[in-house]
Each structure stands twice: as C-alpha cells, then as structure tokens.
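Asker: Pasting a structure below so you can have a look.
Laboratory data are not the source of any read-out in this text; all were calculated from the coordinates shown. Keep in mind that what you see is a predicted model, and the values were worked out from it rather than measured. In this analysis, Cβ positions are derived from the backbone assuming ideal geometry, glycine residues included, and neighbour counts consider all displayed protein chains.
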There are 4 protein chains.
Amino acid sequence: MSDTFAQIASSLISVARGLHARGWLLGTSGNLSAVVDRQPLSLAITPSGADKGELAAAQILLIDEHCKCIDQATLKLDNESARRVTAGASHPSQLVQEDLQLDPDDPQPELGNAQLVPGKPSDESPLHVAILKARGPGAVIHTHSVWATVLSDVHTLEGGVAIEGYEMLKGLHGVSTHLHREWIPIIDNSQDMPALANTINEVLAQYPFAHAFLLRRHGLYTWGRDLKEAKRHVEILEFLLEAAGRIRSSICGP
Amino acid sequence: MSDTFAQIASSLISVARGLHARGWLLGTSGNLSAVVDRQPLSLAITPSGADKGELAAAQILLIDEHCKCIDQATLKLDNESARRVTAGASHPSQLVQEDLQLDPDDPQPELGNAQLVPGKPSDESPLHVAILKARGPGAVIHTHSVWATVLSDVHTLEGGVAIEGYEMLKGLHGVSTHLHREWIPIIDNSQDMPALANTINEVLAQYPFAHAFLLRRHGLYTWGRDLKEAKRHVEILEFLLEAAGRIRSSICGP
Amino acid sequence: MSDTFAQIASSLISVARGLHARGWLLGTSGNLSAVVDRQPLSLAITPSGADKGELAAAQILLIDEHCKCIDQATLKLDNESARRVTAGASHPSQLVQEDLQLDPDDPQPELGNAQLVPGKPSDESPLHVAILKARGPGAVIHTHSVWATVLSDVHTLEGGVAIEGYEMLKGLHGVSTHLHREWIPIIDNSQDMPALANTINEVLAQYPFAHAFLLRRHGLYTWGRDLKEAKRHVEILEFLLEAAGRIRSSICGP
Amino acid sequence: MSDTFAQIASSLISVARGLHARGWLLGTSGNLSAVVDRQPLSLAITPSGADKGELAAAQILLIDEHCKCIDQATLKLDNESARRVTAGASHPSQLVQEDLQLDPDDPQPELGNAQLVPGKPSDESPLHVAILKARGPGAVIHTHSVWATVLSDVHTLEGGVAIEGYEMLKGLHGVSTHLHREWIPIIDNSQDMPALANTINEVLAQYPFAHAFLLRRHGLYTWGRDLKEAKRHVEILEFLLEAAGRIRSSICGP
C-alpha cells in the first residue's frame, strides 16, 4: 500500500502544481484527492492551508472515510500486522490517529511547506468522501478559478450553468457528441461541511449524469475514474466556463 | 523513413507541449499531424485521448491515407523488405494494421502516457487527410482555444469570420500586406467524420485562398508547408481571433 | 543576523520572480519587504528600479525604520562589535549609511542587475515601515496588477472595493467564513511619501480589520505574519479583484 | 566589437524569448534591435521571419544605417584591418554585403532556426534606424500584443491613446509622477518602409516627449537607453494599454 500511496502522492503534487500555474489554485485554495484503497475506503488528499505551487509529496495525507488521518509511520512500522489487519477482520480505524484539532479562527494554519508534520487534511475532505461514495470515481479535484467563480455568481438564479453544443464536452467521460447538454448544478456555499456534504449527495442523486458541480462563489468540483481523467475534466470544464463567460461578455449590451 | 519519422514525432510533441501551455489544447483536445511521405501518403499524427502537455514521442502514430496505422515495429523488422516495398510495386497497405476498434461510449480511452501501445490515431484523422489531399501542406494543426470557440459561435450567422487590415495577417503564407482580407469559414460541427471531411473538401474548394477554417463551437484548423509554418499560422490566427473578440467586447453597448 | 538576512533575501527574490511571471510586477514596479529584526526594527527590502523577474539576492537591502541602509559589509566586518551593539545600549543607527541621493528626474536608475552596489531601497520604503509599525506583520508586498489598477479606478467614488460572499476570502488571515465582508480602501496616489505614509496610517486606523488597501491607479498593498502569508494574501486579493472586475464586465449594459 | 556584438545578441534573444512567452511576439511577429556602435551607426537586429521563442544568438544580424548586413565572418577574418578601418577614414560600407533579395510573395522565408545563414534583417529595420537617428536610444523593441492592437484600433479617430494618472507611468524614462500624461500617437500602418520611416520621423518631431508610438492594427514601438530600459518600457506600456482596454470594457454600456 505504501508504494502505491507514494506514487499517488507524487501524481497529486504534480497535477496540483500544474493547476496552480494556470491560476486555478491560488492562495492555498482548492484540494485534490485520489483513492488508495476501496475496501475499506482510504484516500490520499492534499493538506489544509498548503501552497499548491510548492507542495511536497510528504505533505499528502492518507485519510479514511471519516476523514481521519491514517498514520503512514504506523503503517510502515506495523507493516506485518497491517497486512494481517487487512487480511483479517479487525477494523483499520485502529490505525487511525485522532484528527488534529481544528482552529476555527485560523483555517489556514501556517504549516510551512518545510514543516511537514503534522498536516491536517483539507477542511473539505468530507465533500471528497461524499463524492467518492456517491459516484465511485478514483480521484476528485476542486479548483477555484476566476471564471468558475464568475459563472457561479451570474447564473445563481437559474441554479446551474447549462453548456451545450461544444466539441470540448466530448472530453467528459461517456460523452460522445457535442450535442450533449451538460448541466452543472450550482450549490449554495456553506461552512457547515456535514450539511454541505448532504446537499451534495442530494444534488448528485438529482443529476445522476452530472460530471461536476459548482459551489456558489467558491469553485468547481469534478472527478474521474483516475487522477488523469479528473485533471482532464478540470481542464475541459474550466475551458467551457471561460468560453461561456466570454460569450456572455461578447454579446452584452441591449 | 524511421529516422525521419522519429524527428517528426519529436517536433510534433514539442509543438504540442507549447500549444498546451498556452491553453489551446486543454483536456486532450486538438491534434497535430505532419507528412512523412507523399507517395504514397503517410503521416505522423497525435493519438486520440492524449494529454498534449505530457505527450511522448513514442505515442505518435504513423498512418496512411485511409487512417490505418502503419506498424513501426514491422517497418523496423522488415527494414530491408520495407525498402524493397517502397522501391517496388507492392502496396504498402500490406504493412497496415487493422484499425483499433472504436468504442463510441468512450471517446477518450485511458491510454495513460506511460502505457504507450496500442494507441489509436486521433478520431479526426480523416479531416487531416482531407486537408493534406486538398491543399498539399506538410503539416496540419487543430487547436481548441477559448477565443476560436467564442468567435465561431458569435459569427455563426455570417458563416465565417472576416479579418482585415491587421499587420499580423502578413504572417500567413503568401500574404504581403496588412490590407489582405482573410475569410475564415465556419463549418458546422459533426461527429460524422466522413461527412465532415466532405464538407471540408467543399469549403476548401469554395475558398481556395483560405489559410484556415473554424469548426463551429469546436476549434481552429490550419496548416503550413511544414510544421514550423503550421505552428506560425496557429499563433497568428489565435492572436487575430482574440483581438477580434476583444475589439468586439470593447465596442459593445448600443 | 546575516544568515537570517540571507535566507530572507533568498525568499524575497523567489516570491518576486513568481509574482513577476504572473504579470503583477511588470516594468520594475512593485516592492517586497520582510522583517529581519523587531527591536530595533530592520527589514529586508527590494531595491528601487529592479526588474523583479531577474532579481538577485545580493540586490536585497537591509534598512532601518528611517529607511536608511544598514551596511551589510560593516555588519560582517564588525561582527563582534555589532553583537556588542545589539547587546548594549548604543543605537544601531551608528551602522547606518547616508541614504543615497534621490534623483527626481530618474526614479529608475539603471542599476543593472549585475551592477549590484550601491542599490537604493524602494522609494516606497516609508509605506512599508508605516504598515509594519501600524499592524506588526512580518512581511509586506506591493503589486501592480491590471485588475487592481482597473478596480481602483472604477470604484474611486465609493472610496473602496467591497468583496463579500466569496470562499476565497477565507484565505485572509483570521477569516473563517465566506460571509465575511472585506473592505479594501482606495487611497489617493501621491508622490509625497511622508504624506502618503500618514494617510495610510489614518486609513489603517479607520479600518482596523482591513487586510489590504489600494493606491488609486497604482496598485495593491497587503501584508502577512510572514512572507508566505503575505504572498498568499496577494494571490487571494488579486484573484478576488479579477473576479470582481470580470463580474462587473459580465453584467454590464443597461 | 565582436565580443560586444555577441553579448548584445545573447541579450536580444533572452529578451525576445521572454516577450514571446507573454504572447507579445507571436507568429514570428515583432523585432528587437540594440546599438553596437554609434559612429558609424551599427546595430544588432533580429532576423525576418524568425520564431522569437526559439531564436538563437547566431541568427542575430549586424546591420549599418542603410540596413545592409555587415559580415561578421569578414569582420573576424579581417580583424586587424577592421580595426584599421575603424581607426582610419575608409567607409565601413566596404564591409557590407549586398542585401538579400526580398521576395514580396513570401515575407516570412522559412529560415528554420537551425538553418542560420543567410538570414535577412527584419523588414522593419528602416523603422529601427529612423528611431535610433531621431532619438538616440540604445535599443528599440517592437511588439505585437492583442491589447496594443485593440487600442490602436478603437482610438484611431483620436489619433493616439492618452494615458494619464497611473503610477506605472513613472517607469518611463524621465517621468517622476503619476500625474504625467503620456500621449501614444497612432500612425497609419503601411508596407512602404521608407514612407513609414518618414512619417515616424515627423511624428517623433511632433511629439518630442513621446516614449512610444502605435502602428495602427499592427503593434507598439518603444525604445530605451539600453535594452534593459527598452524592455522595461515594453512591459510598462503593454500593462497600461491592457489596463486602458479593460477599463474601457468595464465601463461600457450607455
């Protein structure tokens, strides 16, 4: 498992750096995750408060479905017993650390990229877990781009952004024609993560074919069968949102 | 032939990476090709579903005028006989593999950039071949930029975009003055590649001086005597389309 | 102290290069500083007239609270006595050089990045000192972005830009919800640095929760507990100003 | 002289690559020059038709005031006599090659960056010489940016773009306050280089304080005491033109 985790962590930081360079993860915003194990669920996820342009693999955290950190060191030391745990019936939450105390007044603790331990998983980890459980993808990426923010704002009343007729839509998994109509629901933003995770569950159930959703004035969530596909979905959706925004500006006026 | 192909493949990935960095090939969109041999026609082309920012030379495919892959390995093993084939009368389609089966539900097979074989040539290969046959260039590049998408949309009714009076036009082959008027036809997008190739043939015949065309809500196709010129045409046309779009926005209002 | 200064200087140029690449420090504009010592105050600051994309650590200057250069060479030679100065009661201004003569006709002396001595601290050093004294941060960054310039212009009459309801606001120190309303005051630009420093003092006192201010048609000033946080604030505020500007354009018209 | 020329050539390609990366020299557009000798005038200049993102120092040409190439090889072989020429009275045009024949149907000869000789100096060399003679700078840079193109178009009727009240103006040589009003004249574009050079002379005489001018629907010309200052002027003017363009869009509507 550790080798796989190391590879996934390395891929996560590589994708994160690229998206930061494009301006879609500025100011420690956004987060990325990828499934490490399905049964029981464990995922690699970016830490809270980290500069995505300077992320190191050692900062990537392994969490369980309750968003509790799984101690990599323990895993390594107990390598043998860990294998026995996986093979046997004991619950892997025995390997789980207490979650680090959240400080509501300081949502961006100054971890410093050099000061690697102990990191805290992204505050939005429950949203990643909700998506993983509802849709079963291999990776989830959440970006904060200017155009996603603009579109989530100017289309609030419609409750979503409809994108139809663009070839770029074919880059979304399972879409085979530009005639496809993608409805990207807009969900009201909230700081209550369990409540937001519930709303996301409902929206995903309501729009079973959606490849993504927007949190209002917040950003884009999308996912894919693996990190590669999730990254492709980010590029496609950010492109389409920018195009939709610019077309809107180009035909403004009475 | 193999050496030439290797050089061309290397140039293709270098140009692809640069255009991806500018945001003109996001999300595995777009494709590039360059002629390897004229008689009979063979061309190097980017594979379907590949991330253009991480393309490896080994992913570039060699296809014939029917868009069938020509097996490089066979070519190398049969190096001697291949030369004899070229020299003699036997048809090189003997060297052609069966095209890989298309899966209509999955237009972006997860090739993985590391998992190099067997790649599938771009779905739009017939469009490249159509342009090569109609105009005889040495290279064809198809980009998906935001501004090309916007312009192809807001100028649909006119059937094209007219660009006139810009110095940048002189970067198009054969144009010697900014007074030149370039008409970039807009062709309705389609998933029926043979039909689309036919339409492209008609449009190229109708506008014999056009250096490019737009597929509506899809992207830009342009070409050049060699890959260098095709890349120059991309930069010039993307620049002009962005300028046209921004001028339109700058004078909007009543 | 020298080691610390060297580390800080290295961090300053690294951050400066990144912000220059994003187009927020074009044409030698902008400046960055970080506190080296608190008691008495000394800070590392970028020199006047330097290209921030090609800045070398050796160009970073150490100044005191009067914006006078502290001679690094003297500090090194008098290492022993310097320690005695710090330990004892004598005022470190004994170590201070005469400020270099300003040439009002040439505010961007051709230092040349290779011609490292003697550099002149940024003309806006008094503004950095004013912020450091009023708010006590560890670092101050001043950028010149297109969107900050545009917003400071179109919102002049309101006296500031209100940004409310965006998740990105949580990246500002101490902000824990997107419901936060950030008021970014706009201060009239001036070439009279002592007068401008006074106005800044007044504005910072008037808006004790502000994380930043705009100089009209000039740029953004923000700060943080350390350089890392100041850089995060720059990315967040530049993002929010761009988003605010684009939303304004997207809903323009009657 | 050769060493100096080599250094200047190296600086020219470094600046050219940076400006190409920002999208201001796309598609082989634009050109850069720097003075090598004043008496008689010789300048290093970029070749016609070269991709500025892949320029090699060996492609930079040395020309005289008549835009004739000075043979570097001859200069090196005749090193001794060349010094005597400079010291003595014989005219250095003895060292000048015949200009390469222009092909009006192909203003962008496929030099290929690898195929370095014989390059042809930029078609706009006479404009560089005109500026050098009228103003005496050490370097001239001509960029093609989208915003310069847009502004030169929408302000045609006014005959120029007025930029006033921006701090960024202080980056222009000799400007010490943001209250400065910079008038950037717009000159009608032409393919008649001698005529255009004459018009430029008249405009430079009419606006003795101008730091730059725009060729309509073509691009920006600016200059500086050295290449460093010319590059700074490019960054400042491109920034100001973009800001002016975005402000215009932000306040559009009735």
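Asker: From Cα coordinates alone, what are the radius of gyration and Dmax values for region B:208-254 in angstrom?
Answerer: 13.1, 45
Asker: Another question, then. Given label points at 7 Å from Cα along Cα→Cβ, what nm distances, shortest first, separate B:Gln39 from the same residue in every other copy?
Answerer: 6.3, 6.3, 9.0
Asker: So how far apart, in nm, are the two label points at A:Lys133 and A:His180 if each is 7 Å from Cα heading toward Cβ?
Answerer: Going from the A:Lys133 label point to the A:His180 one covers 2.7 nm.
Asker: Here's something else I'd like to know. Counting only other residues whose beta carbon sits under 12 Å from that of A:Ala205, what net charge do I get with K and R as +1, D and E as -1?
Answerer: Value of the local net charge: +1.
Asker: What number, in percent, do you get for the relative contact order of region B:1-63 if the mean sequence gap of Cα pairs under 8 Å and at least 6 apart is divided by its residue count?
Answerer: 37 percent
Asker: If you average the sequence gap of Cα pairs under 8 Å that are 6 or more apart and divide by the length of region D:172-228, what percent do you get for the contact order?
Answerer: Rounded, it is 38 percent for region D:172-228.
Asker: Next question. Dipole of region A:121-249, Cα-centred, from +1 at each Lys and Arg C-beta and -1 at each Asp and Glu C-beta, to the nearest 20 debye?
Answerer: 280 debye
Asker: Using a label point 7 Å beyond Cα on the Cα-Cβ vector, give me the inter-copy distances for A:Gly165 in nanometres, one decimal, shortest first.
Answerer: 2.9, 2.9, 4.0
Asker: Give me the inter-chain shielding for B:222-234: mean count of other chain Cβ atoms within 10 Å, whole number please.
Answerer: Partner-chain Cβ atoms within 10 Å, mean over residues of B:222-234: 2.
Asker: Per-residue Cβ counts within 10 Å, from other chains only, averaged over C:141-149: what number is that?
Answerer: The shielding value for this peptide is 4.
Asker: Copy-to-copy spacing for D:His66, label 7 Å out on the Cα-to-C-beta vector, in nm, shortest first?
Answerer: From this label point to the equivalent ones elsewhere in the assembly: 6.3, 6.3, 8.9 nm.
Asker: On average, how many beta carbons from a partner chain sit within 10 Å of the beta carbon of a residue in C:24-37?
Answerer: Mean inter-chain Cβ contacts per residue within 10 Å come to 3.
Asker: Round to the nearest 0.05 the FRET efficiency obtained for C:Ala6 and A:Arg17 when R0 = 25 Å and r is the Cβ-Cβ distance.
Answerer: The pair C:Ala6/A:Arg17 has a calculated efficiency of 0.40.
Asker: Give me the distance between the Cα centres of region D:123-188 and region B:177-254, rounded to whole Å.
Answerer: 31 Å
Asker: Turning to a different aspect of this structure: Please list, in order, the residues from region B:119-143 whose amide nitrogen is less than 18 Å from a point placed 7 Å along the Cα→Cβ vector of B:Glu65.
Answerer: B:125-140
Asker: A further question follows. Against the globular-protein guess of 2.2 N^0.38 Å, express the Cα radius of gyration of region A:1-47 as a ratio, rounded to two decimals.
Answerer: 1.24
Asker: Using the charge dipole of region B:134-235 (Lys, Arg: +1 at Cβ; Asp, Glu: -1 at Cβ; taken about the Cα centre), state which of B:Gln191, B:Ala210, B:His155 has its Cα farthest towards the positive end.
Answerer: Final value for the positive-end residue is B:Ala210.
Asker: Quick one: net charge of D:Leu196's neighbours, Cβ under 10 Å, K/R +1, D/E -1?
Answerer: Overall, the nearby charge balance is -3.
Asker: Okay, moving on. Quick one: net charge of C:Gly219's neighbours, Cβ under 12 Å, K/R +1, D/E -1?
Answerer: My count for the surroundings of C:Gly219 gives -1.
Asker: For the ranges A:177-183, D:22-28, what's the packing order if you count other beta-carbon atoms within 10 Å of each residue, average per peptide, and put the highest first?
Answerer: D:22-28, A:177-183
Asker: Quote the convex hull volume per residue of region B:151-254, based on C-alpha atoms, as a whole number of Å³.
Answerer: Dividing the Cα hull volume of region B:151-254 by its residue count gives 110 Å³.
Asker: May I pose another question? Under a Cβ-only charge scheme (Lys and Arg +1, Asp and Glu -1), can you give me the dipole magnitude of region A:129-198 about the Cα centre, in debye to the nearest 20?
Answerer: 320 debye
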